[in-house]
Amino acid sequence: MTKHAVILGGGMVGSAMAMDLARDPGIRVTVVDAREQALARVREKHGVAVRRSDLGDPSAVSAAVADADIVLGALSSVIGLQTLRAVIEAKKPYVDISFMADDALQYDALARERGVTAVVDCGVAPGMSNLLAGYAAHVLAPCEHIDIMVGGLPAERRWPYEYKAGFAPHDVIEEYVRPSRVIEGGQLVVKEALSEPELVDFQGLGTLEAFNTDGLRSLAFTLKVPHMRERTLRYPGHIELMRVLRETGFFNKEPITVQGAKVRPLDVTAALLFPKWTFDEGEADLTVMRVEAVGSKGGERVLLRWDLFDRYDPATGYRSMSRTTAFPATIMARRILNGRISTHGVLPPEKLASVPGLVDEVLAELGERGVRYQASSRVLAPGARA
């Protein structure tokens with residue numbers, strides 16, 4: 001019996017979701033978006049059904065998912081929480097990748113009450129980073145440290161920013177202003193975004209700079225690991241540019257008066273920056289991520305590491321960030337459809353890491369799609385961290 005998958009959002013990530021699900025003859029796909037151009041593109045490219053609707057309205061979300069067997073969310077973080085609630089209230093299973101600032105777990109009780117499985121933060125990071133961190137915390141006894149680094153970058157560095165946005169640019173700026181929560185000595189510590197920059201070398205890529213961002217999200221509360229942090233990666237020099245803009249006030253949301261007119265600095269910044277941060281058609285990008293965990297296993301202290309170094313795929317025309325974000329969600333959606341995942345509630349990926357065989361299955365299926373994580377481990381000397 002054919003299942004109906006409804007994808008909320010027809011941008012590059014939503015379109016990559018449609019591509020992957022449409023390959024399955026047992027799944028019928030509908031993409032919903034307010035933008036006619038986006039819908040026309042995904043319909044022409046993948047032959048899926050489309051529906052035009054303003055998903056900023058929760059009632060429109062309810063109508064869009066009414067006959068869905070599974071719903072996937074690829075919307076801006078700004079409307080992520082209200083969309084989650086609308087899908088739960090519609091009693092539909094959900095897999096979401098939005099980087100919402102809000103705590104999705106506040107709807108856990110509602111999801112359990114409505115009998116809904118809602119896997120949130122199910123992209124690359126958050127997403128695969130959560131799943132791998134959760135797996136490390138499960139297999140190491142105890143797990144002492146978890147360190148996550150991730151970045152989406154243009155393959156070609158271009159002055160002045162040497163950066164382009166592989167997802168909603170507003171969400172990128174949010175990374176530069178939202179305080180970063182880390183775990184130090186078992187305590188939640190809040191640090192400034194863009195803080196504690198460090199140069200890190202990656203084989204085959206060179207030197208990148210890492211800085212604190214608020215990427216731990218649910219991990220800070222779901223895992224009992226005394227030291228955890230998540231950092232974003234950029235080409236060297238980007239941090240200082242963003243610090244200058246932030247400290248000057250270009251990212252502020254409060255209106256200021258300029259020649260008698262009220263304007264938000266962030267809106268002006270967005271209008272100027274985003275055209276320079278937009279990838280050209282066919283322009284190559286890359287995604288780099290490293291998840292490291294230190295703890296005890298089999299009587300020895302070990303370091304577990306997963307490395308991802310993924311590039312733009314010219315065969316499909318999809319950028320790396322779109323693919324690495326979309327595919328974990330579609331893989332998880334299939335497991336909800338076939339009953340492999342049936343727990344009710346709001347579930348960040350780390351809560352699924354202990355399901356027998358699931359992590360290996362997800363990594364294998366990502367590999368089949370060309371997204372390959374390199375896993376390694378080594379024994380550490382007593383007292384060493386890495």
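Test of understanding: among L304, L286, which residue is modelled with pLDDT of 95 or more, over 22 Å from D171 (Cβ atoms), assigned by TED's automatic domain parsing to the domain that holds I146 and in contact with a helix residue (DSSP H, G or I) (Cβ under 8 Å, 6 or more places away or on another chain)?
Just one listed residue meets the conditions, L304.
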Take the residues of the stretch 232-250 that are crowded, with 18+ Cβ neighbours inside 10 Å and among the hydrophobic types (A, V, I, L, M, F, W, C): which is farthest from E192 (Cα to Cα)? L233
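Look through V172, V189 and report the one residue that is over 18 Å from L245 (Cα atoms) and either outside the structural domain of L308 (by TED's automatic domain parsing) or not in a loop (DSSP other than H, G, I, E, B) (or both).
Values: V172 fails: over 18 Å from L245 (Cα atoms).
After applying the criteria, what remains is V189.
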May I ask you to verify whether S377 is more than 19 Å from the chain's Cα centre (by Cα) and over 19 Å from T330 (Cβ atoms)? yes
Just checking, how many residues over the stretch 152-174 are within 19 Å of F327 (Cα to Cα) and either of a type in the set (V, I, T) or crowded, with 24+ Cβ neighbours inside 10 Å (or both)? 2
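Within the stretch 322-358, restricting attention to residues that are more than 17 Å from the chain's Cα centre (by Cα) and assigned to a helix (DSSP H, G or I), which residue is farthest from Y107 (Cα to Cα)?
Here is the first cut: in the stretch 322-358, the ones more than 17 Å from the chain's Cα centre (by Cα) are 334-345, 354-358.
Now restrict to residues that are assigned to a helix (DSSP H, G or I): 334-337, 358.
Values: R334: 23, R335: 22, I336: 19, L337: 21, L358: 25 Å.
Residue satisfying both the conditions and the ranking: L358.
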So, G215, is that one within 27 Å of H138 (Cα to Cα), assigned by TED's automatic domain parsing to the domain that holds L140 and of a type in the set (G, A, S) or not? yes
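Scan the stretch 64-75 for residues that are surrounded by fewer than 19 Cβ atoms within 10 Å (Cβ to Cβ) and either among the aromatic types (F, W, Y) or over 15 Å from V119 (Cα atoms) (or both) and jot them down.
Here is the first cut: in the stretch 64-75, the residues surrounded by fewer than 19 Cβ atoms within 10 Å (Cβ to Cβ) are 66-67, 69.
Answer for the stretch 64-75, where residues must be surrounded by fewer than 19 Cβ atoms within 10 Å (Cβ to Cβ) and either among the aromatic types (F, W, Y) or over 15 Å from V119 (Cα atoms) (or both): A66, D67.
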Quick check on my filter: what residues within the stretch 283-316 are over 26 Å from K224 (Cβ atoms), touching a residue at least 60 places away in the same chain (Cβ under 8 Å) and either assigned to a helix (DSSP H, G or I) or not hydroxyl-bearing (S, T, Y) (or both)? E283, A284, D285, L286, V288, F309, D310, R311
Residue check: is F251 assigned to a loop (DSSP other than H, G, I, E, B) and more than 20 Å from A101 (Cα to Cα)? no
For the stretch 305-323, enumerate the residues that are buried (at least 22 other Cβ atoms within 10 Å of the Cβ) and farther than 18 Å from K164 by Cα. W306, L308
Number of positions in the stretch 333-364 that are farther than 24 Å from L140 by Cα and either among the acidic types (D, E) or in contact with a Cys (Cβ under 9 Å, 6 or more places away or on another chain) (or both): 1
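For the stretch 254-282, enumerate the residues that are of a type outside the set (F, W, Y), part of a loop (DSSP other than H, G, I, E, B) and at negative phi. Spell out the reasoning first.
Just the residues of the stretch 254-282 that are of a type outside the set (F, W, Y), to begin with: 254-273, 275-276, 278, 280-282.
Remaining after also requiring part of a loop (DSSP other than H, G, I, E, B): 254-255, 259-260, 264, 278, 280-282.
If the condition is that a residue be of a type outside the set (F, W, Y), part of a loop (DSSP other than H, G, I, E, B) and at negative phi, then E254, P255, R264, T278, D280, E281 are the ones that fit.
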Residues of the stretch 62-78 satisfying the condition of being modelled with pLDDT of 95 or more, part of a helix (DSSP H, G or I) and out of contact with any strand residue (DSSP E or B) (no Cβ under 7 Å at 6 or more places or on another chain): S62, A63
Taking into account only those residues within the stretch 100-113 that are surrounded by fewer than 22 Cβ atoms within 10 Å (Cβ to Cβ) and of a type outside the set (G, A, S), which is modelled with the lowest pLDDT? D102
Is it true that some residue in the stretch 81-95 is part of a strand (DSSP E or B) and buried (at least 24 other Cβ atoms within 10 Å of the Cβ)? yes
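The values are calculated or read from the model by the stated rules, or taken from the named source; none is laboratory data. Since the model is a prediction, treat every value here as computed from it, not as a measurement. Every residue, glycine as well, gets a Cβ built from its backbone with ideal geometry; the counts of neighbours run over all protein chains shown.
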